[in-house]
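Here's the structure we're looking at; comments come further down.
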Amino acid sequence: MTRVDQNLRKKQWKEWKNLVRENTNKNDPKLLAMVQKMAKELLRVDKKNTLEMKKIISKYGWPGRSLVGKKGALNAWLLVQHADHDVDFQEKCLKLLTAAAEKGEVDKKRVAYLTDRVLLHRGKKQIYGTQLRSFPQKGKTILKPQPIRNRKKIDELRKSMGLEPLEIYLDKMRKMY
């Protein structure tokens, strides 16, 4: 499931970057049509993965390291992180993930990422600055953090969850994307 998820996202990111280079107008109908097509394709995959994750979690509880290994625990988190169409499920998983992190079954940083994701979907500001948004500008893709609750304490909060300072994270993500 994770391989399908990641391959689709990588493919779409590459297509997005090429399209942005060709179109500097973010309201270009070709750009908007491509974004809609990508969103439908992602939603189809995310819904399928969410359904499977619901079955797994219902049967076994949160798939932590002792059950599925380090990579399996990371993959479970990633699939839930991408279940944006079902925020109630993400929120339920956040509770399970938090409890698993307290037992050392998952990295605390995964709790930070899912916390921010759920908060943003609930119309609130993120705590840890993990969630970025991309938008075209002058033929490039610009990455910026989505709204943050307390920008003054962001690095302290990030450190408490095992995350690097925000500016280092942003530099890393900008180089990656």
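Here, each number is a calculation from the coordinates, and none is a lab measurement. Since the structure is predicted, the reported quantities are computational estimates derived from the model, not experimental observations. Every residue, glycine among them, receives a Cβ derived from its backbone with ideal geometry; neighbour counts consider all protein chains shown.
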- [ ] Under a cut-off of 23 Å between alpha-carbon atoms, report the lysines in cross-link reach of Lys152, not counting same-chain residues fewer than 8 places apart.
- [x] Lys108, Lys109, Lys124, Lys125, Lys144, Lys172
Task: region 2-176: Cα Rg divided by the 2.2 N^0.38 Å rule of thumb - done: 1.09
TODO: Convert each backbone phi in region 96-107 into a coupling constant with the Karplus relation 6.51 cos²θ - 1.76 cosθ + 1.60 (shift: θ = phi - 60°), then list the ³J(HN,Hα) values in order as whole Hz, x for Gly and Pro.
DONE: 5, 5, 4, 5, 5, 5, 5, 9, x, 7, 9, 6
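Could you tell me which of the pairs Lys17/Lys40; Lys17/Lys159; Lys11/Lys47 are separated by over 23 angstrom between their Cα atoms in the structure shown? The partial results should precede the final answer.
Details: Lys17/Lys40 18 Å; Lys17/Lys159 31 Å; Lys11/Lys47 19 Å.
Those over the limit are Lys17/Lys159.
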- [ ] For every helix of n ≥ 4 consecutive DSSP H residues, a contribution of -39,500 (n - 2.57) applies; sum these over the chain, divide by its total residues, and give [θ] at 222 nm rounded to the nearest 500 deg cm²/dmol.
- [x] -22500 deg cm²/dmol
Task: Under 5 Å, built H, 5+ apart or other chain: amide partners of Leu132 - done: Gln146
- [ ] Grab the eigenvalues of the alpha-carbon gyration tensor for region 1-91, scale each by 5, take roots, and send me the semi-axes largest first in whole angstrom.
- [x] 32, 14, 9
Task: Long-range amide H partners of Ile142 with built H, under 5 Å - done: Phe135, Gln137
Task: Per-residue ³J(HN,Hα) for region 161-173, Karplus 6.51 cos²θ - 1.76 cosθ + 1.60, θ = phi - 60°, Hz, x for Gly and Pro - done: 10, x, 9, 6, x, 4, 5, 5, 4, 4, 4, 4, 5
Open item on the list: Can you tell me, using C-alpha contacts under 8 Å and at least 6 residues apart, the relative contact order of region 2-176 as a whole percent?
Closed with: 18 percent
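With +1 on the Cβ of every Lys and Arg and -1 on the Cβ of every Asp and Glu, and nothing else charged, how large is the dipole of the chain about its Cα centre, in debye rounded to the nearest 20?
Numbers: 43 positive and 20 negative charges, 58 e Å.
For this selection, approximately 280 debye.
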- [ ] Select from Ile142, Ile56, Met38 the residue farthest towards the positive end of the dipole of the chain; place +1 on Cβ of Lys and Arg, -1 on Cβ of Asp and Glu, and compute about the Cα centre.
- [x] Ile142
Task: Part-to-part distance (alpha-carbon centres) for region 43-62 and region 127-170, which is given in Å - done: 28 Å
- [ ] In whole Hz, with x marking every Gly and Pro, tabulate ³J(HN,Hα) for region 59-73 from phi via Karplus 6.51 cos²θ - 1.76 cosθ + 1.60, θ = phi - 60°.
- [x] 7, 10, x, 5, x, x, 4, 5, 8, 10, x, 4, 5, x, 5
